[in-house]
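Trainee: Please see the structure below; I have some questions.
Read-outs: derived from the displayed coordinates by stated rules, not from any lab. Note that the structure is predicted; figures quoted are calculated from it, not measured. Here the Cβ positions follow ideal geometry from the backbone for every residue, glycine too, while neighbour counts run over all protein chains shown.
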Amino acid sequence: MSTRELRLILLGPPGVGKGTQGRKLAQTFAIPEIATGDIFRNAMKARTPMGLAAKSYVDSGNLVPDDVTIGLVEERLAGSDAQRGFILDGFPRTAAQATALDALMHKSSQRLDAVIEINVQSPEVVRRLTGRRLCAICQTPYHNDSAPPAVPDVCDRCGGVLVVRSDDDEATVLTRLAEYERKTSPLISYYRAAGLLKVVDGNGDVEAVFRRILSAIQSPVSPVA
Ligand code: AMP
C-alpha cells in the first residue's frame, strides 16, 4: 500500500476495465474509487430521488444530465476519505463535467495528477460487455467465456449470485458506445492539451494492464503532440 496522494481519472469507453483497474488502484493507494455508474445504480436500487431521476437514462444507455452528475461528484469529493486523493471511474464524461471538475480542483487547491486513457478496440469491448456477469453482492466481474466462475452463476469470492447488468444487452451497449464517441471522446484531446493524458493498452490480463497503469502513473507525461 502506498501513502502517496493521487488524483486520477480513468477514461475510456464502457468495457475497457476501468472498474476493475480502479478498484485495484484504490486498494494500492488507499484512496476511494469513485464510480458514478455505481453511485447511480445504488441510488436506483434504493429508489432515492436521484436514483429515480437517473433511471431512464441509465437503462437506455444515455448519459444522465450534467447538473445531476456534477452535483453528486461535488458532494462525494468533499468527503473526508477523498482528501488524500481519488480514482474517478466514469467521470467526467462531457466537456461540461470536465470544466466543473477543473473548477472544483481549483477551489480546493488540489491538482489532478493524470488522466489514464485505457484503450481497447470496439469489437472486443462489445464482446466483454455482452458476456459480462457481476456478483450482485461484491460486484466482482466475470465473463461467460473468458472468465467464468468455478460454479455456474455463483461468485467465487463471496458466494453471491451473478447477475447481468440491465444495460449490458447488445442494443444498449451500442448506445453507450455511441454516447462515449460523441460526448466523452473529445475529452482525450482536452486532457492531452492540459498535459495530463497517458494512454495505456487495455488488452491482455488484468495484472498486465495494472502494471502498465502503474508505470504510466510513475512516468513523466508524454510531450503534447
Ligand atoms: P458505467 O457504470 O460507468 O458504465 O455507467 C452506467 C451509466 O450510468 C451510464 O450509461 C450513464 O447512464 C450513467 N453515468 C455514469 N457516469 C456518468 C456521467 N459521468 N455522466 C452521465 N451519466 C453517467
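Trainee: Just need the Rg to Rh number for the chain, please, alpha carbons only, Kirkwood Rh. Each step should come with its number before you reach the end.
Mentor: Working: Rg = 17.0 Å, Rh = 18.1 Å.
Looking at the chain, the ratio lands at 0.94.
Trainee: Relative to 2.2 N^0.38 Å, what does the C-alpha radius of gyration of region 1-123 come to as a ratio? Two decimals please.
Mentor: Dividing the Cα radius of gyration by 2.2 N^0.38 Å gives 1.04.
Trainee: Kirkwood Rh and Cα-based Rg: tell me the resulting Rg over Rh for region 26-70, rounded to two decimals.
Mentor: 1.07
Trainee: Using the Kirkwood formula on the Cα atoms of region 87-186, what hydrodynamic radius do you get, in angstrom to one decimal?
Mentor: Averaging 1/r across every pair of different Cα atoms and inverting gives 15.9 Å.
Trainee: At 0.36 nm per residue, minus the direct Cα-Cα distance, what do Ala147 and Asp205 gain on full extension? Give it in nm, one decimal, please.
Mentor: 19.8 nm
Trainee: Using just the Cα positions, wrap region 136-199 in a convex hull and report its mean projected area in square nanometres, one decimal place.
Mentor: So the mean shadow area of the Cα hull is 6.4 nm².
Trainee: Which three semi-axes in whole Å describe the equivalent ellipsoid of region 65-124, each the square root of 5 times a Cα gyration tensor eigenvalue, listed largest first?
Mentor: Output for region 65-124: semi-axes of 22, 15, 11 Å.
Trainee: Also, quick follow-up: In debye to the nearest 20, how big a dipole does region 18-165 give about its Cα centre with +1 on each Lys and Arg Cβ and -1 on each Asp and Glu Cβ? Don't skip to the end; give the middle numbers.
Mentor: Details: 18 positive and 16 negative charges, 59 e Å.
About 280 debye.
Trainee: Which loop-located trypsin sites (Lys or Arg not before Pro) does region 65-142 contain, where loop means any DSSP state but H, G, I, E or B and the Cβ has at most 14 other Cβ atoms within 10 Å?
Mentor: Qualifying residues, ordered by number: Arg111.
Trainee: Quick one: of the DSSP bridges fully inside region 1-157, what percent are antiparallel, nearest 5? Don't jump to the answer; show the numbers that get you there.
Mentor: Details: 4 of 16 bridges.
Percentage antiparallel, nearest 5: 25.
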